[in-house]
Amino acid sequence: LKLMNMTVCRSNKSPWVCLTCSSVHCGSYRCDDFVVNDTKLGLVQKVREHLQNLENSAFTSDRHRKRKLLENSSLNSKLLKVNGSTTALCATGLRNLGNTCFMNAILQSLSNIQQFCCYFKELPAVELRNGKTAGRRTYHTRSQGDNNVSLVEEFRKTLCALWQGSQTAFSPESLFYVVWKIMPNFRGYQQQDAHEFMRYLLDHLHLELQGGFNGVSRSVILQENSSLSASNKCCINGASTVVTAIFGGILQNEVNCLICGTESRKFDPFLDLSLDIPSQFRNKRTKNQENGPMCTLRDCLRSFTDLEELDETELYMCHKCKKKQKSTKKFWIQKLPKVLCLHLKRFHWTAYLRNKVDTYVEFPLRGLDMKCYLLEPENSGPESCLYDLAAVVVHHGSGVGSGHYTAYAAHEGRWFHFNDSTVTLTDEETVVKAKAYILFYVERQAKSGSDKL
């Protein structure tokens, strides 16, 4: 659709209208600019309004049709056999919007971290639209800016839609639109890295919660929740939020000069720990493979915290020697988070490609003991260093730009497998065989007779 007599961007291509969002773009596919100037007759606005009316009409009729289908089929489709008896499956899948399995796996994992999920579900709803557009889909252009989208609000809506049992699958298109709006790296429909998305998501949630929305700071709600704020001392980029209160920990980085012995210490906050898979285990691909010892999560944690001599490319600038010297480095955990997120570094760069380390890493379902990695273990309680597994993100395939993401998560004592819109009940034996990419461990609250790692 060509619109004449308009000011377009520097690409000087004919403008076009996106039939999905009704935004007017320049003719260059790679150019990300929007056409802002309308014609004297207001043709652009007329096209937008016409497309919006057509879409709203189709959306309303489609919603009624789906509601009737759900009323007839949802009860039958969400019944499972558990221990010989029939029970309702309350889990809800997430529709794949086009290679969005990386987002779905992270959202399902976070939705099963109860303290984190409940915080957002209890937030008051934010009215982004009113008047004539209330209750209808509206289209946004870049000229409107990012002030009328809220990642926190769409994240809250998505979490509320899960585990209600009212539908078999939910479409997170509104959340995905906001992701496109505020995270340019994730625009398009190519496969993305789930860990990278998780970090962007948590960082942007943290920043928006700090600043509030519509002038109301949501950090006030955190301050009123003493169970989250009282013990939290980890602040990343400013004031504390629920993100840092639950995922935030602190590392101590020790560097020692090998020439003069000068020691340098630095404290770094973290939301997750990225662990290398030791090179001696990289050929062991399955749990039952017998050639060599099994790689465990303890091996990866030990590799992360062990004393390491820095190579020639990482010489330390010693303030006493006043020049770069050889040195050693060691990490200690100064403060453990309530939810320990462990990222296994399965993708690494070679000369030209980013290859995948497909090694199986054995991990515990319960009783992960982190006491030996603490800077001051004597100051921690007997149960405060024990963690139980809440969720696992798995990458299936050979490369970061391809393959498929799914997630396993525990909910009310049962394990579920989340594969986009499909949710199935599974067991612990299946979960422990997974080749984990991201592991979410929750701090144990009550005493248990479980074995330690």
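The values are calculated or read from the model by the stated rules, or taken from the named source; none is laboratory data. Fair warning: this is a prediction, and the values are worked out from it, not measured in the lab. Cβ: placed from backbone, ideal geometry, glycine included. Neighbour counts: every protein chain shown. The protein model used for the area step is the full one, side chains on, heavy atoms only, and it has no ligands, DNA or RNA in it. Shrake-Rupley method; radii C 1.70, N 1.55, O 1.52, S 1.80 Å.
Here are the numbers:
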read-out: Candidates per GluC sites (Glu not before Pro) in region 329-398, loop by DSSP, up to 12 other Cβ within 10 Å; value: Glu383
read-out: Around Cys341: net Lys/Arg minus Asp/Glu count, Cβ-Cβ under 10 Å; value: 0
read-out: Surface accessible to a 1.4 Å probe, per residue, for the residues of region 383-446, Å²; value: 36 Å²
read-out: Long-range amide H partners of Glu362 with built H, under 5 Å; value: Cys295, Thr296, Leu297
read-out: Amide H within-cut-off set for Gly367, under 5 Å, with H built and near neighbours excluded; value: Tyr387, Asp388, Leu389
read-out: Neighbourhood net charge (14 Å Cβ-Cβ; Lys/Arg +1, Asp/Glu -1) for Gln191; value: 0
read-out: ³J(HN,Hα), Karplus 6.51/-1.76/1.60, whole Hz, each residue of region 195-204, x for Gly, Pro; value: 5, 4, 5, 4, 5, 4, 4, 5, 4, 6
read-out: Links that overshoot a 20 Å alpha carbon limit, given the list Lys121/Lys345; Lys266/Lys329; Lys371/Lys433; Lys356/Lys435; value: Lys121/Lys345; Lys371/Lys433
read-out: Carbon/sulfur fraction of accessible area - region 253-372, other protein chains in place, 1.4 Å, %; value: 48 percent
